[in-house]
C-alpha cells in the first residue's frame, strides 16, 4: 500500500498535491506519507499477532525524527546501529528499553551510552565484541544484555551489497561455532546477561524461500540455546522487499500501469511461512523491518533543468543528484519516475535522467522510457523513503534537501533545507 495517487491531473501524497509542495519548498525535496508508514507497521504487527513479538524498526532506513516519532507512537521498538541512532530515537520519543543495538564496530562511547540509557539488548557480531562489552559493563558496575548474531549461511538471493547471511559476509558468527561461543561467554563474561539470539540474512528479499530456509535452520539452534542459557527472545531480522514498480491508480490504463509489477512477497505470505515454525519456541519474536516500513512511503521531487539531445542519448538533467539519492549509482537501484502533472497520452521517450553532480555515475535512471516532460516541469522519484536521505551527502558542496511529512491534508516541514552556511558550519581556516 502507498498513498501516492493522481487526482484531477495531479500527483498527490494523501490529500496534498505534490506540485504545490515543490513550488513552495523548492527541489530536491523528500516527501513522506504518514498514512503509508502507519499502514505498513500495523499490517506487519498484526501478521505476528499470534506470537509474543516486538516490531523493531531499522532506523538506518530513514531516521527523520518525525518518522521515528510516528513509529514510537504506534508502539514500535527500534533496531539501531550507532549511538547516534539511539540518540535520535530518544529525541523522537522512543523507548530505549525497546531498542536492539546491532553493528560490527560498536565503540566504547556507544556501549557506555547504550548501557546508561537502558537498551533492550546488544546484538553482538563477534566474540571479541562480547568480551569488550563485558569489560565496559564491568567498569560501569552494570550487567549488559546481549544476544549473539548467528550467520546461518543462507543465500538471500538479493544484491551482493545488501546480502548479510553468507559465511563470507562480515556480519554475525558462523552457525557451526555459535553454541560454543554462548557457552564460553556464559563462563567467562560475568557482566553479561545472555538474552537472545539474532539473525538477519539480507535486504530487499522478494521471495519467501530464503526467509523460510533460514528460520527452519535456526529454530533448532534457538531451542538449544534456550535450554542451555534460558534466552527470552529470537530476532528473525528484517529484509522484506518492496515493490519499486507501482501502479498509481490513475484511472484509464496508462504507461506506468502497463509497466507496473505485482510484488511477489506480501506480509501475509511472509507470516504464513515463518510463524508456524516460531509458535512453539516459547520465546519473544523480534522482527526488524526498515525498507518495508518506509520505502514506498517516500518520494523525491526534482525539477527538470535542461534537456540535452546527443547523437547517442537524450538526457533529462534534473536538480536532484547522486548526493541526494545514491541507490541507483551504488546498488543499481531502480526507481519509478513519473511526472507530477498526469500525462494525457501514453507517449514516452527513452532518456537518461541525470543530476548535476560532476560524476559520470550521477544518474537516477538510464535508458528509461518516461512520459514526455519539458524543462521546468517536475518529476517524482517514487519509493525513495528508504536509504534516500539517510545516505545523502554534501558532495559538491550541495545543501541537503528539505523533508516533508504529509498527514492527510497537512504537510509539515520535518527537516529544513540546509543553507550553505549550514554546510560549512564547523570548518575553519588554519
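The values are calculated or read from the model by the stated rules, or taken from the named source; none is laboratory data. As the structure is a computational prediction, the values presented were derived from the model and not from experiment. Every residue, glycine as well, gets a Cβ built from its backbone with ideal geometry; the counts of neighbours run over all protein chains shown.
Looking only at the stretch 339-359, which residues are at pLDDT 95 or above, touching a helix residue (DSSP H, G or I) at 6+ places or on another chain (Cβ under 8 Å) and not in a loop (DSSP other than H, G, I, E, B)? Of everything in the stretch 339-359, just one residue is at pLDDT 95 or above, touching a helix residue (DSSP H, G or I) at 6+ places or on another chain (Cβ under 8 Å) and not in a loop (DSSP other than H, G, I, E, B), namely 341. Taking the numbered list (1) farther than 21 Å from residue 60 by Cα; (2) touching a strand residue (DSSP E or B) at 6+ places or on another chain (Cβ under 8 Å) in turn, residue 426 passes all entries but (2). Could you grab me the full set of residues in the stretch 115-138 that are in contact (Cβ under 8 Å) with a residue 24 or more places away in the chain and assigned to a loop (DSSP other than H, G, I, E, B)? Those that are in contact (Cβ under 8 Å) with a residue 24 or more places away in the chain and assigned to a loop (DSSP other than H, G, I, E, B): 119, 120, 125, 126. Screening 68, 51, 21, 74 for residues that are crowded, with 20+ Cβ neighbours inside 10 Å and over 15 Å from the mean Cα position of the chain (by Cα) leaves exactly one candidate, 21. Residue count for the stretch 36-81 satisfying the condition of being closer than 25 Å to residue 279 by Cα and free of Cβ contacts under 8 Å to residues at least 40 places away in the same chain: 9. Of these, 116, 106, which one is surrounded by fewer than 19 Cβ atoms within 10 Å (Cβ to Cβ) and modelled with pLDDT of 95 or more? Of the residues listed, the single one that is surrounded by fewer than 19 Cβ atoms within 10 Å (Cβ to Cβ) and modelled with pLDDT of 95 or more is 116. Within the stretch 83-102, which residues are surrounded by 19 or more Cβ atoms within 10 Å (Cβ to Cβ) and part of a loop (DSSP other than H, G, I, E, B)? Selection gives 92, 94, 102. Consider residue 2 carefully, then state whether it is surrounded by 21 or more Cβ atoms within 10 Å (Cβ to Cβ) and either part of a helix (DSSP H, G or I) or on the phi > 0 side of the Ramachandran plot (or both). No.
The requirement of being surrounded by fewer than 18 Cβ atoms within 10 Å (Cβ to Cβ), farther than 27 Å from residue 302 by Cα and touching a helix residue (DSSP H, G or I) at 6+ places or on another chain (Cβ under 8 Å) is not satisfied by residue 57.
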